[in-house]
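S.K.: Sharing a structure below in structure tokens format, with a few things to ask.
Nothing in this text is a laboratory measurement; each read-out follows from the coordinates by a stated rule. All values reported here derive from a predicted model rather than from experimental measurement. Positions of Cβ are generated from backbone atoms using ideal geometry, with glycine treated the same way; all protein chains shown enter the neighbour counts.
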Amino acid sequence: LEFKLSRFETSVSRRYPEVKFLNYLTRKRILITGGAGFVGSHLVDRLMFEGHEVIVVDNFLTGRKRNVDHWIGHENFELIHHDIVNPLFIEVDEIYHLASPASPPHYMQNPVKTIKTNTVGTINMLGLARRVNAKILIASTSEIYGDPDIHPQPETYWGHVNPIGPRACYDEGKRVAETLTYAYAKQENMRVRVARIFNTYGPRMHMNDGRVVSNFILQALKGEVITVYGSGEQTRSFQYVSDLVDGLIALMNSNYSQPVNLGNPVEHTINEFATIIKELVDDRSKISHLAEVEDDPQRRRPDITRAKTYLNWEPKVPLNVGLQKTVDYFKKELQRFNYSPRA
Ligand code: NAD
Ligand code: UDP
């Protein structure tokens, strides 16, 4: 038999980033749901570098193959196209359950699918963890605190969520995901972890996910007006993605089973944030105020005492450093689509 390269192949074997070698006693089989998304793909990189076997399950609703393309074909890596609303039967030691749309425009586009993913999908992943006795970490969110009336938010705060508002599909979906997690843990004696993730940014964020970080950077790069919704006096605290990945792994490896906030406690108003982006990207940018968004949380900042105490974790990357890396990424993305940033 004669094998010839098809015109789609450039070489017979690919080159991969270097990974550590772990023996079978220390190497784990780790499932990452939503591993082709923004956060998931960075977690994939870290666990691959550490030498584990990583299985990504994703339906590519908001993620994309390109985020994990550099591992496809690697003997420690597997990519499964699957929607977690349907059950999954595989053998794993640990599950990082991240699958869910995450930006407000994305989850509002299909609220029913968002609820199904966070409820039925989470039941499927908890069921899988129970069957194979795997440890499971659920990616929850600061949104479970809603528009908080306690500031900063500690994990003991029960939240202030509108159950029928435009954000409810996500907020309530994640609240049920947490409830399910602790119900399974109690009834089935399972090992569970819950990360309440605050606003996170970095390379591989979607260009068009409508979040404030991607919107403002792209607007400034393209010479468009920076759009502040409402007064701009609402606040957020922004965490760089590598800090989050450190926190997720520390939480999974800890013995702590209660929810843990993972976020950067440095808080900015959206007006301040617009000015930071303008100064970083292009000082000629104009800032304008549009109508306010319904049910927009007015203040958000994590109390990270728990993460410091139980995980010995705190964020390390300053905003200007993380933002510069993100701006560089978006510049390259624009060039990919033949759009030259304003000179
Ligand atoms: P993302 O949209 O980039 O990634 C989510 C991934 O899940 C995508 O790859 C998507 O295709 C996949 N997915 C969605 N529904 C699915 C389904 N039914 N079956 C299989 N795959 C599915 O979002 P992200 O920012 O990487 O967020 C990851 C997780 O972290 C989410 O659970 C999100 O709620 C949580 N989180 C993120 C932030 C943040 O600021 N990025 C903040 C709080 C919580
Ligand atoms: N926001 C804004 N302009 C934009 C996008 C978002 O002023 O172009 C505001 C939004 O109203 C909110 C904050 O920025 O107050 C963060 O929004 P994002 O969608 O990034 O995340 P959220 O924390 O609301 O989930």
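S.K.: I want to check the label-to-label distance for H82 and R336. Put each point 7 Å from Cα in the C-beta direction and report it in nm to one decimal.
M.R.: 2.6 nm
S.K.: What are the residues whose amide H is under 5 Å from the amide H of Y229, where those residues sit 5 or more places off or on another chain and H is modelled from the backbone?
M.R.: Amide H neighbours of Y229: L290.
S.K.: Over the chain, with a Gaussian network built from C-alpha contacts below 10 Å, which listed residue (S100, S242, S288) shows the highest mean-square fluctuation?
M.R.: Of S100, S242, S288, the Gaussian network model singles out S288 as fluctuating most.
S.K.: Taking H placed 1.01 Å from N in the peptide plane, check which residues at least 5 places from L79 or on another chain put their amide H under 5 Å from its amide H.
M.R.: V56
S.K.: Counting only DSSP beta bridges with both residues in the chain, what percent are antiparallel, rounded to the nearest 5?
M.R.: Working: 3 of 39 bridges.
In the chain, approximately 10 percent of DSSP beta bridges are antiparallel ones.
S.K.: Contour minus end-to-end for N255 and V132, with contour as 0.36 nm per residue of separation and end-to-end as the Cα-Cα distance?
M.R.: Length gained, N255 through V132: 42.3 nm.
S.K.: Report the Cα centroid-to-centroid distance between the range 19-73 and the range 224-273 in angstrom, as an integer.
M.R.: Cα centroid to Cα centroid, the span is 23 Å.
S.K.: Sticking with this structure for a sec: Can you work out the base-10 log of I(q)/I(0) for the range 254-304 at q = 0.20, 0.21, 0.26, 0.28 1/Å, using the Debye formula on its C-alpha atoms alone?
M.R.: -0.89, -0.93, -1.09, -1.12
S.K.: While we're on this one: Hey, if you drop one equal point scatterer on each alpha-carbon of the range 67-124 and run the Debye formula without solvent, what base-10 log of I(q)/I(0) do you get at q = 0.19, 0.26 Å⁻¹?
M.R.: -0.85, -1.14
S.K.: Over the Cα atoms of the chain, Rg to Rh with Kirkwood Rh, two decimal places?
M.R.: Result for the chain is an Rg/Rh of 0.97.
S.K.: If you don't mind, there's one more thing I want to ask. For the pair S13/K286, report the inter-label distance in nm, with labels modelled 7 Å from Cα in the Cβ direction.
M.R.: My value for the distance between the label points is 5.8 nm.
S.K.: Taking only DSSP H segments of four or more residues, each worth -39500 (n - 2.57), what value at 222 nm results for the chain once the sum is divided by all its residues, to the nearest 500 deg cm²/dmol? Please report the intermediate quantities before stating the final value.
M.R.: Values: 8 runs with 115 residues, N = 343.
It comes out at -11000 deg cm²/dmol, rounded to the nearest 500.
S.K.: Return, for the Cα atoms of the range 104-180, the radius of gyration and Dmax in Å, separated by a comma.
M.R.: Taking only Cα atoms of the range 104-180, I get Rg and Dmax of 13.5, 41 Å.
S.K.: How would K331, K308, K174 line up from fewest to most surrounding beta-carbon atoms within 10 angstrom?
M.R.: Sorted ascending by nearby Cβ count, the order is K308, K331, K174.
S.K.: Can you list the aspartates and glutamates whose alpha carbon sits under 15 Å from that of K278, skipping same-chain ones fewer than 8 residues off?
M.R.: E224, D328
S.K.: Go through 144-150, 180-186, 71-77 and give me the packing order, highest mean Cβ count within 10 Å leading.
M.R.: Peptide ranking by packing, descending: 144-150, 180-186, 71-77.
S.K.: Let me ask another. Can you compute the modelled spin-label distance between E233 and T156, with each label point 7 Å from Cα toward Cβ, in nm?
M.R.: 3.0 nm
S.K.: Within 10 Å, count the other beta carbons around each residue, average over each peptide in 291-301, 105-115, and list them highest first.
M.R.: 105-115, 291-301
S.K.: Same structure, new question: In whole Hz and in residue order, list the ³J(HN,Hα) couplings for the range 87-100 that follow from phi through the Karplus curve 6.51 cos²θ - 1.76 cosθ + 1.60, θ = phi - 60°; x for Gly and Pro.
M.R.: x, 9, 10, 9, 9, 9, 9, 9, 10, 9, 9, 10, 5, 3
S.K.: Over 30 Å between Cα atoms, which of K113/K286; K20/K331; K174/K316; K20/K308 qualify?
M.R.: Correct reply: K113/K286; K20/K331.
S.K.: Evaluate the charge dipole of the chain about its Cα centre and quote only its size in Debye, nearest 20, assuming +1 on the Cβ of each Lys and Arg and -1 on the Cβ of each Asp and Glu.
M.R.: Here the size comes out at about 660 debye.
S.K.: I'd like to compare 60-70, 311-321: which one has the highest average count of other Cβ atoms within 10 Å, and what's the full order after that? Can you show the working numbers first?
M.R.: Values: 60-70: 17.4, 311-321: 15.7.
By packing density, highest mean first, the sequence is 60-70, 311-321.
S.K.: Tell me the relative contact order for the chain as a rounded percent, counting alpha carbon contacts under 8 Å between residues six or more apart.
M.R.: 15 percent
S.K.: Name the residues whose placed amide hydrogens come within less than 5 Å of the amide hydrogen of Q153, ignoring near sequence neighbours (fewer than 5 apart) on the same chain.
M.R.: R301, D303
S.K.: Quick one: net charge of P203's neighbours, Cβ under 10 Å, K/R +1, D/E -1?
M.R.: With Lys, Arg at +1 and Asp, Glu at -1, the neighbours total +1.
S.K.: Here's something else I'd like to know. Just flag the GluC sites (Glu not before Pro) in the range 203-282 sitting in loop per DSSP whose Cβ has no more than 15 other Cβ atoms within 10 Å.
M.R.: On the way: sites: E224, E233, E267, E272, E279; in loops: E224, E233.
When the GluC sites (Glu not before Pro) of the range 203-282 are filtered for loop state and at most 15 Cβ neighbours within 10 Å, E224, E233 remain.
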